[in-house]
Amino acid sequence: MISIIAAQTKNRMIGIDNDFPWHLSDDLKRFKSLTVGHSVIMGRGNYEHLLKRIGKMLPDRTSIVVSRNKNFKAENTITAHTLEEALCVSKHEDNEVFIIGGAQMFAYALAHADRIYLTEIDVELEGDAYFPVLNKAEWKETSRENHPVDEKHQYSFDWIVLDRL
């Protein structure tokens, strides 16, 4: 199964300056619980964001970085030069593969995805990276869980699972 996992605002914004303008601790825990033990595929920009944000690759996951640069190499990762190459490598490793960003990678992966784990944040913010528009005729919402604002979460949000029809 090929899954996309992303967090977006009501206006589909997923980031600004290679970072998130929010901190949702429960969403980070959910991301970890879903992806640990699996392969995660990301674009080079997302890889650089992770290194800047946490200083290392995500532990307990096989990280595959997609870069068109044939000379690109990243420590503790597998490098692929196309999404198709990354999917081929990851399918040998795993029964569920996660596409974790960024915006270009989500746009490329949408045609391949079987499932989308989407966190929809109840705010509109401006950014420079947006999640692609989904064709509602291709996806069915199979679950939704609401999380209200609290001392750890500045915005309410919904966890949504969409499966391809």
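The values are calculated or read from the model by the stated rules, or taken from the named source; none is laboratory data. Keep in mind that this is a model prediction, so the values were computed, not measured. When the accessible area is computed, the model is the full protein with side chains, heavy atoms only, and any ligands, DNA or RNA have been set aside. Shrake-Rupley method; radii C 1.70, N 1.55, O 1.52, S 1.80 Å.
See the values below:
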{"quantity": "The chain, accessible surface, carbon-and-sulfur percent (1.4 angstrom probe)", "calculated": "50"}
{"quantity": "Area accessible to solvent at Val149, 1.4 Å probe radius, in Å²", "calculated": "90"}
{"quantity": "Value in Å of the Kirkwood radius, where the chain supplies the Cα pairs that are averaged", "calculated": "16.1"}
{"quantity": "Proximal lysine pairs, the chain, alpha carbons under 26 Å, eight or more residues apart or interchain", "calculated": "26"}
{"quantity": "Unit Cα scatterers, Debye sum, the range 91-140: log10 I(q)/I(0) for q = 0.32 Å⁻¹", "calculated": "-1.44"}
{"quantity": "Rotationally averaged projected area of the range 106-165 (alpha carbon convex hull; nm²)", "calculated": "4.8"}
{"quantity": "Binned Cα-Cα distances of the range 59-157, short to long, each 10 Å bin given as a whole percent", "calculated": "11, 36, 34, 17, 2"}
{"quantity": "0 to 90° range, to nearest 10: angle between helix 44-54 axis and the chain longest Cα axis", "calculated": "70"}
{"quantity": "By accessible area with a 1.4 Å probe, ligands and nucleic acids excluded, highest first: order of Tyr117, Tyr155, Tyr130", "calculated": "Tyr130, Tyr155, Tyr117"}
